[in-house]
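> Have a look at this one before I ask anything.
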Amino acid sequence: MEGLLDHGLRDILTRVGGVDRCVSEFIRITNRLLPSRSFIRVVPELRNGSRTPAGVPVRPQLLGSDPACMAENAARLAELAPAGIDLNFGCPAKTVNRHRGGAVLLDEPELIYAIVAAVRRAVPAPIAVSAKMRLGNADDARLLDCAHAIDSAGASELAVHARTKAHGYRPPAYWESIARVREAVRLPVIANGDIWSAEDAARCRAITGCDALMLGRGMVRRPGLALAIRHASQPSPMAARDPVASYSDGAVAALPWRRVVPLLADFWRDVCGRVERRHRAGRLKQWLNYLRVAYPEAQQAFDALRAVNDPDAITAWMLQIQELTATASPALVPENA
C-alpha cells in the first residue's frame, strides 16, 4: 500500500499483535542496480534483522519487468539479509502499468516465469522468494497460466488478490477464483481481498481453502483485525476474556477507541520526526480517513482537523485527546467506544 502502509505504520500495527509477517511497499526496479540505501529507505527494518520493533518479519517487495535487472537487484537486496523477497504482479496503478509493472504483466505469463526464475536463481536458497498477483489484467483468462508460471519458476508462496486490475477495488472479491488457483498449484496460496472482519476471514478460508490470509485496507481501518481473526480461529476461555479484541457489532472486530488513541499519538510522533513539516498533517488525516469507517470518534477527529495543517496545532490537539482518553473511566467507556 504505497504512500500509506510504510515502516512507520507497520511499526504501529504490528505492536497490536496477530500479524505473522509484513510485506513492504514495492521498490521500483527499472534499468539500474540500486544502492543498498535505496532498499533501506523503504524497508529500514533491514537494519533490525528485517523485523519491525515488535519483532514481526518484513519481506521487501520488488516491482519491475526486466528479468536480468530484477535478478541483479534481488541479489543486492539479499546481501542485506531480508526475511524473504516478494515480487509484485498485482499493482493496478496506471502509472505503474504504463511502465510495464504490476498487474499488466499478468497478460504475459512467460515473462512472469522469467522474472521469478531469474530472481530465484540470483538469491541464496535460504531466502524465500514469494509473489503477489491479481486474477488478471483486463480479465482472468490467463489466471492459471500465471499461477503455474510462478509455481514452476520456483516461488515459495503466492498471494492472490481476488480481483483483476480492471476490477480495481470494487466489491465483491472473487474468492472462488483463489480456490481455483490453490487447487491448480503446489505452492502455498495466501488469500487476499475484502477481509474486513473475523467473520469475513472465516468465510474466505471456507471458500478458498487457504489457511493464510493477507490483510491490507482492513488492517488499516481496524488495527485489531489480525488479532481478532487469530482469537476467532483459536478460541479459548482466556481469549474470550481478553479485552484487546472487541466487537463493535456482530461482525466487525476492532480495538476499543481508547486503545487506538495511544497508537495515533505514537504515529504522529513518528511522522513529526521524519516527514516534511508541510506533509505531516496529511499523513495523520490519511489514517484517520481509514479509521473513521470503524470509529465514530475517528470521524469526529477527522472533522476537527480537516482544515488544520499546522503541526503544532495538531500536536496540541493530540495531547488534549490523550489526556481526555486517559482520564476517562473505563467503566464509563463501552468496549466498542
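The values are calculated or read from the model by the stated rules, or taken from the named source; none is laboratory data. Only a predicted model underlies this, so the values are computations on that prediction, with no experimental measurement involved. When we count neighbours, we look across all protein chains shown, and the Cβ atoms used for this are built from the backbone with ideal geometry, even at glycine. Note: accessible area is taken over every heavy atom of the protein model, side chains too, but ligands, DNA and RNA are not part of it. Shrake-Rupley method; radii C 1.70, N 1.55, O 1.52, S 1.80 Å.
> Where the accessible area of region 136-183 is counted over protein heavy atoms with a 1.4 Å probe, how much of it, in %, is carbon and sulfur? Intermediate results must be reported in sequence, preceding the final value.
Working: 1020 of 2090 Å².
Whole-percent figure for carbon plus sulfur exposure: 49.
> Ok, one more. What is the percent carbon and sulfur in the accessible area of region 1-126, measuring with a 1.4 Å probe over the protein chains and ignoring ligands? Don't jump to the answer; show the numbers that get you there.
Numbers: 2640 of 5260 Å².
Of the solvent-accessible surface of region 1-126, carbon and sulfur hold 50 percent.
> Straight-line reach from K94: which lysines fall under 21 Å, measuring Cα to Cα and dropping same-chain residues less than 8 apart?
Partners found: K132, K165.
> Taking Cα extents along the principal axes in Å straight from the coordinates, which label in [x] 60, 43, 35; [y] 94, 65, 36; [z] 75, 35, 33 is the correct one?
Answer label, from the structure shown: [x].
> Something else now. Assigning unit charges at the beta carbon (Lys, Arg +1; Asp, Glu -1) and nothing else, what dipole magnitude in debye, to the nearest 20, does the chain show about its Cα centre? Don't skip to the end; give the middle numbers.
Working: 43 positive and 35 negative charges, 119 e Å.
In debye, rounded to 20, the chain gives about 580.
> Turning to a different aspect of this structure: Mind ordering 222-229, 97-104, 140-147, 50-57 by average Cβ neighbours within 10 Å, highest first? Show your work: numbers first, answer last.
On the way: 222-229: 25.6, 97-104: 18.4, 140-147: 20.4, 50-57: 16.8.
Highest-to-lowest ranking by the protection proxy: 222-229, 140-147, 97-104, 50-57.
> Where only protein heavy atoms count, and the probe is 1.4 Å, what is the accessible area per residue for region 1-65 in Å²?
On the way: 2730 Å² over 65 residues.
Solvent-accessible surface per residue comes out at 42 Å².
> Taking H as built 1.01 Å from N, whose amide H comes closer than 5 Å to the amide H of Q61, not counting residues under 5 places away?
S24, I27, D86
> Looking at the chain, send over the antiparallel percent of its DSSP beta bridges, to the nearest 5.
Details: 3 of 25 bridges.
Here the antiparallel bridges make up roughly 10 percent for the chain.
> Which order do the peptides 3-14, 128-139 come out in when sorted by mean C-beta neighbours inside 10 angstrom, highest first? Spell out each step's value before the answer.
Values: 3-14: 19.9, 128-139: 22.4.
Result, highest mean Cβ count within 10 Å first: 128-139, 3-14.
> From the phi angles alone, apply the Karplus equation (6.51, -1.76, 1.60; θ = phi - 60°) to region 171-177 and give each ³J(HN,Hα) in whole Hz, x where the residue is Gly or Pro.
With the stated coefficients, region 171-177 comes to x, x, 8, 9, 4, 4, 5 Hz.
> Per residue, how much accessible area does region 72-130 show when a 1.4 Å probe rolls over the protein heavy atoms, in square angstrom?
Numbers: 2390 Å² over 59 residues.
That works out to 40 Å² for each residue.
> Sticking with this structure for a sec: Can you work out the Karplus-derived ³J(HN,Hα) for every residue in region 304-319? Use 6.51 cos²θ - 1.76 cosθ + 1.60 with θ = phi - 60°, whole Hz, and x for glycine or proline.
5, 9, 3, 9, 9, 10, 7, x, 5, 5, 5, 4, 4, 4, 4, 4
> Considering only C-alpha atoms, what is the centroid distance from region 277-312 to region 148-195, in Å?
33 Å
> Moving to a separate point now. With a 1.4 Å probe and every protein chain left in place, work out the accessible area per residue of region 179-221 in Å², rounded to a whole number. Working shown, then result.
On the way: 1830 Å² over 43 residues.
So region 179-221 comes to 42 Å² accessible per residue, rounded to a whole number.
> A further question on this structure: Which cross-chain or sequence-distant (5 or more) residues have an amide H under 5 Å from the amide H of N192, H modelled 1.01 Å from N in plane?
V160, A162, M214
> Right, next: For region 265-325, what % of the accessible area comes from carbon and sulfur atoms, probe 1.4 Å? Numbers along the way, then the final one.
Working: 1650 of 3250 Å².
Carbon and sulfur together cover 51 percent of it.
> How big is the C-alpha Rg of region 87-228 next to the rule-of-thumb value 2.2 N^0.38 Å, as a ratio?
Normalised Rg, Cα atoms only: 1.01.
> A follow-up question, please. Can you give the helix-only mean residue ellipticity at 222 nm for the chain, where every DSSP H stretch with n ≥ 4 adds -39500 (n - 2.57) and the sum goes over all residues, rounded to the nearest 500 deg cm²/dmol? Write down the numbers at each step before the final one.
Numbers: 15 runs with 158 residues, N = 337.
The helix contribution divided over the chain gives -14000 deg cm²/dmol.
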